[in-house]
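Undergrad: Dropping a structure here in structure tokens format, bear with me for questions.
The values are calculated or read from the model by the stated rules, or taken from the named source; none is laboratory data. Note that the structure is a prediction, hence the values are computed from the model and not measured. With ideal geometry, Cβ positions are generated from the backbone for all residues, glycine too; neighbour counts draw on all protein chains shown.
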Amino acid sequence: MVEADGADVAKQPTTATGKAPAARAPRPTPGEFVRQVRAEMAKVTWPTRSETLQTTVMVLIMTTILALFFLAVDFGLGRGVRLLLSLGN
């Protein structure tokens, strides 16, 4: 396929949206990379010790509740399957 200006469309690289890809920025040097990482890490709002403890406790509680729920479901389904299999005897 050829565009109006005579360029071959099949040879032009495109992205999924059909647009030509943007030019890539040059890779930073390792030192510049470390500086950029430190600058970004300085912007992070870290949770307090209290927030971390509260979140940890909530995760442990929810994990326990879900484990008990799936234990009950597994037990119930197992009993149901055994009941169905015993009907065949």
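Undergrad: Residue check: is Pro21 modelled with pLDDT under 90 and out of contact with any Pro (no Cβ under 8 Å at 6 or more places or on another chain)? Walk me through it before giving the result.
TA: Details: modelled with pLDDT under 90: yes; out of contact with any Pro (no Cβ under 8 Å at 6 or more places or on another chain): no.
In short, no.
Undergrad: Something else: Taking the stated definitions as given, is Phe75 more than 28 Å from the chain's Cα centre (by Cα) and surrounded by 10 or more Cβ atoms within 10 Å (Cβ to Cβ)?
TA: Values: more than 28 Å from the chain's Cα centre (by Cα): yes; surrounded by 10 or more Cβ atoms within 10 Å (Cβ to Cβ): yes.
For Phe75, the condition - more than 28 Å from the chain's Cα centre (by Cα) and surrounded by 10 or more Cβ atoms within 10 Å (Cβ to Cβ) - is met.
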